[in-house]
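The values are calculated or read from the model by the stated rules, or taken from the named source; none is laboratory data. Predicted model only: the values in this text are computed from it and were never measured. Cβ placement follows ideal geometry from the backbone for every residue including glycine, while neighbour counts extend to all protein chains displayed. To get the accessible areas, we keep the full protein, side chains included, count just its heavy atoms, and leave off ligands, DNA and RNA. Shrake-Rupley method; radii C 1.70, N 1.55, O 1.52, S 1.80 Å.
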Amino acid sequence: LAELAADLQNNQSIGLFGLRKSGKSSLVHQISLMCQDRAIIYTDLQTYSDIGYGIELLDDIIQKLYSLAKNKNPLLEQPPVLAESDVSIKEASLEFSQHFKKLAKDLEDVGYGLPILCCLDNLDRIFPRSNEKFEEKAEEFNFVFTALRALSQKEQLVSLLVTAVRPQCNRIKQWNFSDTSKNPLHQFFKESFLPPLSIYETSLLINGISSLMNLEFDRQTIQAIHRLSGGH
């Protein structure tokens, strides 16, 4: 936790990978608690469809940043809602970058440290897959994450923390429909893997919960549970 929090505060974006229900989201929330001197926003991407989400997601990020700044400066003017304007994802990504830069300054003015921490949970949900409308999905993904990557690397205004089951988002270089269309997240994240629990950690978890009910599990039972669950 301490290492990941320090990396994020030093403008290093993180990809957190691990099995479903292994504790990735819980880890993200713990990191958020450790970095409260920063502006932190969290979005669960499971609520988005795998296509047509781009403008809505960019708008969600902007409005959350605005809410944080407004809490400390009630006179702050609200940025326009991207989802309500009739613009393409390309145009929206450009507008997003402009609004983000202004809000970063507003947040710094009211006492938040930079970079902003942007937590995107369940990236698998919107990561392009080779199926129907793949080219369209990859194009939308590219506009969203090219804008975020530029704000991170060029402007040093945001660190991304994303979670996913697999690290393909960080390892795929090009989309398979074009020789020129590249994945904007290629080698962008420092990869961190959340492993299954050790037998010692399994014991702490089970006996910690069972002690609330005045129960205790013996060593043989703990070993059986760990063997059957694989530490998950």
Express the accessible area of the chain per residue in Å², computed with a 1.4 Å probe while the remaining protein chains stay in the model. 55 Å²
For LYS72, the lysines lying under 16 Å Cα to Cα, once residues fewer than eight places off in the same chain are dropped, come out as LYS64, LYS102, LYS105
Cα-based shape type of the range 29-100, given that a ≥ b ≥ c are square roots of the gyration tensor eigenvalues and the cut on a/c is 1.5: oblate
In square angstrom, rounded to the nearest 10, how much accessible surface does LYS101 have for a 1.4 Å probe? 90 Å²
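Assign one of three labels to the range 19-158, namely rounded, prolate or oblate, based on the Cα gyration tensor with a ≥ b ≥ c the square roots of its eigenvalues; rounded applies when a/c is under 1.5, prolate when it is not and a/b is larger than b/c, and oblate otherwise.
Oblate is the answer for the range 19-158, as a/c is 1.5 or above yet b/c matches or exceeds a/b.
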For the chain, what relative contact order do you get, as a whole percent, if you take Cα pairs closer than 8 Å and at least 6 residues apart? 30 percent
Report, in whole Å, the centroid distance computed from the Cα atoms of the range 74-116 and the range 207-221. 50 Å
Farthest toward the dipole's positive end in the chain, which of SER211, LEU148, GLN174, given Cβ charges of +1 (Lys, Arg) and -1 (Asp, Glu) about the Cα centre? SER211
So if I take the centroid of the Cα atoms in the range 19-73 and the same for the range 173-201, what is the distance between those two points in Å? 19 Å
How much accessible area does PHE217 have with a 1.4 Å probe, in Å² rounded to the nearest 10? 80 Å²
Only Lys, Arg (+1) and Asp, Glu (-1) charged, at Cβ; the chain dipole about Cα centre in debye: 640 debye
Low-density loop cleavage sites - GluC sites (Glu not before Pro) in the range 47-87, where at most 11 other Cβ are within 10 Å (DSSP): GLU77
Helical mean residue ellipticity (222 nm; -39500 (n - 2.57) per DSSP H run of 4+; nearest 500) of the chain: -14500 deg cm²/dmol
Within the range 146-162: backbone nitrogen closer than 19 Å to the ASP109 label point (7 Å, Cα to C-beta): 157-158
Go ahead and run the numbers for FRET between GLN187 and GLN223, Cβ-Cβ distance against an R0 of 45 Å, rounding to 0.05. 0.65
Going 7 Å from the Cα of SER178 in the Cα-to-Cβ direction, what parts of the range 139-156 have a backbone nitrogen less than 12 Å from that spot? 139-143
Largest first, how would THR202, THR221, THR47 line up by accessible area (1.4 Å probe)? THR47, THR221, THR202
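Please arrange PHE189, PHE143 by accessible surface area, largest first, computed with a 1.4 Å probe and ligands excluded.
PHE143, PHE189
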Carbon and sulfur together cover what percent of the accessible area of the chain at a 1.4 Å probe radius? 50 percent
Using amide H atoms built 1.01 Å from N in the peptide plane, name the residues 5+ places from GLY113, or on other chains, whose amide H lies under 5 Å from its own. ARG38, ALA39
Rounded to the nearest 0.05, what FRET efficiency is calculated for ILE209 and ASN10 with R0 set to 45 Å and r the Cβ-Cβ distance? 0.80
If Lys and Arg each add +1 and Asp and Glu each add -1, what is the summed charge of the other residues whose beta carbon sits under 14 Å from the beta carbon of GLN63? -4
